[in-house]
Amino acid sequence: MRYQRPRGTQDILPDQMPEWLLAENTFRRLCHSFGYGEIRTPIFEDTDLFVRSVGEDTDIVSKEMYTFEDRGGRSLTLRPEGTAPVVRAFIEDNLQGPDRERIVKLCYIAPIFRYDRPQAGRYRQHHQAGVEALGSMAPGLDAEVIHLAMTLYTALGITKVSLLINSVGCPVCRPVYVVKLREFLAGSREELCDDCRRRYETNTLRVLDCKVESCRRLTDGAPKQVDELCDECAEHFAAVQEHLKVLGIGFELQPRIVRGLDYYTKTAFEFVSTGLGSQDAIGGGGRYDGLVEQCGGPPTPAVGLGIGLERVLLARRALGQAASQEPREGVFVVAVGDEAWLPAFALSGELRAAGITADLDYRRRSLRAQMRHADAAGFRWAAILGEEELAKGTVALRDLASGEQQELNRGDLVAHCRNADG
RNA sequence: GUGGGCGUAGCUCAACGGCCAGAGCACCGGACUGUGGCUCCGGGGGUUGGGGGUUCGAGUCCCCUCGCCCACCCCA
């Protein structure tokens, strides 16, 4: 029986690493320039953290979490989303300090686990790059995290991205809306599915994303949250849009997005790209003004963002963005004949110790084979060491791009290669 | 979770139920005995995802299983 990787997971192989590093490094660079500090939290947390923050009735909690009991009987869960762990750390590690007005800006790149049916762009382990800005209600911050994501997409060559935004209200206006929704559904209550009859009582909003066809029909004409916002939320939403316009970011109002996590308040947004089939959301997020307090911290408004890296890479490829080609680099040391082996080995060691990329052919193949490999593997130079060079204490250095070849004293090779860089 | 499609060489794919499962690319070697890319010639590579069944005979048909993919759904 041969082992297979678990369903819905993937190995990221060396030849895929360049595009991963490009995405990760670009994200880190952007976060730095936007003023976000990187944080790493554990890959698992108390199950309860996610149940209480994400919401018991959400798909994520009710059927997608990797939950297990450790040997001490604790219930732990593999991180199914990025925000709750950061919020937990924000509180536990007292990142805000004594200044309650202080804005704490954090970013992370982390694996995320959800038990879901795999599909292209949907995995049981995927990676998210995210940011969280905690401590302020300023609508400019909503626009800032959106701007950061947009800038990342642009930098990575993902040109066809649409931004969908919505406002899901707050503890003031949501209950008002919920009442309206209940009134709307009250008459047809008996026609709802079993789950929805329960949801109607406990978490009415969830009726809106029931999958049962009959329930969907019943909610089609339901009132919309955006139309029922309180003054504060309406004002905030307008201000966010104003800030986006100032940044030159186009958007589309979409009244039905982000209902997957209970903690969102006010702004909710999503980025969709073309060419990805049905898994087309390459990023999303929103404001969660009540979450920190709900997790046991001081009342702290916040806004955050998550970007699915696998989907970002898929979107790049769909748009024909090749992984940037590495420039020719380093020295392939070619040993001709047995006599030359040890000196060649020593020479490669010297180069490596000096920080210069170097390799040689442990199979001791023909000169031709070694030259072919040096070229195919993308080396900048071939340093040839044979009988002649051994006798003279030299090395023949061939530039593989131009074909120019010169003879150097062996002791000058490191300095020569180093000077040629740049 | 529901419905469907597909698994053959490292990769992309051929092969009516019938001879030793092939091709292109890649890889290796040679032509070129100390010089890469181009060309030509040659070569190595396969548990046909796995298991069972039908059949004189299975890559091909049937069942089970694993995986990938598509739509729904969900989201990143």
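The values are calculated or read from the model by the stated rules, or taken from the named source; none is laboratory data. Everything quoted here is computed from the prediction, not taken from an experiment. We place every Cβ from the backbone using ideal geometry, glycine too, and count neighbours over all the protein chains shown. Keep in mind that these areas ignore ligands, DNA and RNA; they rest on the heavy atoms of the full protein, side chains included. Shrake-Rupley method; radii C 1.70, N 1.55, O 1.52, S 1.80 Å.
Within the listed set A:R117, A:R40, A:R352, the Gaussian network model of chain A (springs between alpha-carbon atoms below 10 Å) gives the highest mean-square fluctuation for A:R352. Only Lys, Arg, Asp and Glu carry charge here, each on its Cβ (+1 for the first two, -1 for the last two); on that basis region A:1-59 has a dipole of about 320 debye about its Cα centre. Solvent-accessible surface of protein heavy atoms, probed at 1.4 angstrom with all chains present, puts A:S348, A:S214 in the order A:S214, A:S348, largest first. Total lysine pairs in chain A at Cα distances under 21 Å, for residues eight or more apart or on different chains: 8. Can you say what percent of the DSSP beta bridges in region A:331-420, counting only those with both residues inside, are antiparallel? Round to 5. Of all bridge pairs located within region A:331-420, approximately 55 percent are antiparallel.
Residue separation times 0.36 nm, minus the C-alpha to C-alpha distance between A:I43 and A:A322: what's the value?
That pair, A:I43 and A:A322, stretches by 97.3 nm at full extension.
Kindly state, to the nearest 0.05, the FRET efficiency for A:K224 paired with A:M137, given R0 = 30 Å and r defined as their beta-carbon distance. So, using R0 = 30 Å, E works out to roughly 0.85. When chain A is treated as a Gaussian network with alpha carbon springs shorter than 10 Å, the biggest mean-square fluctuation among A:V246, A:V178, A:V51 belongs to A:V246. Normalised per residue, the accessible area of chain A is 51 Å², obtained with a 1.4 Å probe and no contribution from ligands, DNA or RNA. DSSP beta bridges fully contained in chain A are about 80 percent antiparallel.
Enclosing the Cα atoms of region A:331-420 in their convex hull gives a volume equal to 85 cubic angstrom per residue. A 1.4 Å probe over all protein chains sorts A:F269, A:F379 by accessible area into A:F379, A:F269, starting with the largest. Normalising the average separation of contacting C-alpha pairs (under 8 angstrom, six or more residues apart) by the number of residues puts the relative contact order of region A:302-382 at 36 percent. With Cα atoms as the point set, region A:258-396 shows a radius of gyration and Dmax of 27.7, 78 Å.
When the charge dipole of region A:1-71 is built from unit charges on Cβ atoms (+1 for Lys and Arg, -1 for Asp and Glu) and taken about the Cα centre, the candidate among A:P14, A:T47, A:Y36 whose Cα reaches farthest toward its positive end is A:P14.
Each residue of region A:73-81 was assigned a 3J(HN,Hα) from its phi angle through the Karplus curve 6.51 cos²θ - 1.76 cosθ + 1.60 (θ = phi - 60°); the sequence is x, 7, 8, 10, 9, 5, 2, x, 6 Hz, with glycine and proline shown as x. Here is the size of region A:318-358 from its Cα atoms: Rg then Dmax, 15.9, 52 Å.
Full extension of the chain segment joining A:V172 with A:E293 gains 42.0 nm, where the gain is 0.36 nm per residue of separation less the Cα-Cα distance.
Could you state, as a whole-number percent, how many of the C-alpha pairs of chain A are farther apart than 42 Å? Result for the distance tail: 33 percent. Stretched out straight at 0.36 nm per residue, the stretch from A:M371 to A:E339 would grow longer than its current Cα-Cα span by 9.7 nm. Accessible area per residue was computed with a 1.4 Å probe on protein heavy atoms; A:E56 scores about 130 Å². Computed on chain A, with alpha-carbon pairs under 8 angstrom and 6+ residues apart, the relative contact order is 15 percent. Model label sites at A:E56 and A:A415, defined 7 Å from Cα along the beta-carbon direction, differ in position by 7.6 nm.
With springs only between Cα atoms under 10 Å, which of A:K63, A:K160, A:K392 fluctuates most in a Gaussian network model of chain A? In the Gaussian network model the winner is A:K392. Our helix-only sum for chain A, with -39,500 (n - 2.57) per DSSP H run of n ≥ 4 divided by its residues, gives a mean residue ellipticity at 222 nm of -11000 deg cm²/dmol. Between A:G355, A:G277, A:F113, the Cα set farthest toward the positive side of the dipole of chain A (charges on each charged residue's Cβ, about the Cα centre) is that of A:G277. The relative contact order of region A:111-201, computed from alpha carbon pairs under 8 Å that lie at least 6 residues apart in sequence, is 12 percent. Shown for chain A: the carbon plus sulfur share of the solvent-accessible area, taken with all protein chains present and a 1.4 angstrom probe, equals 49%.
The alpha carbon centroids of region A:258-329 and region A:161-193 are separated by 24 Å.
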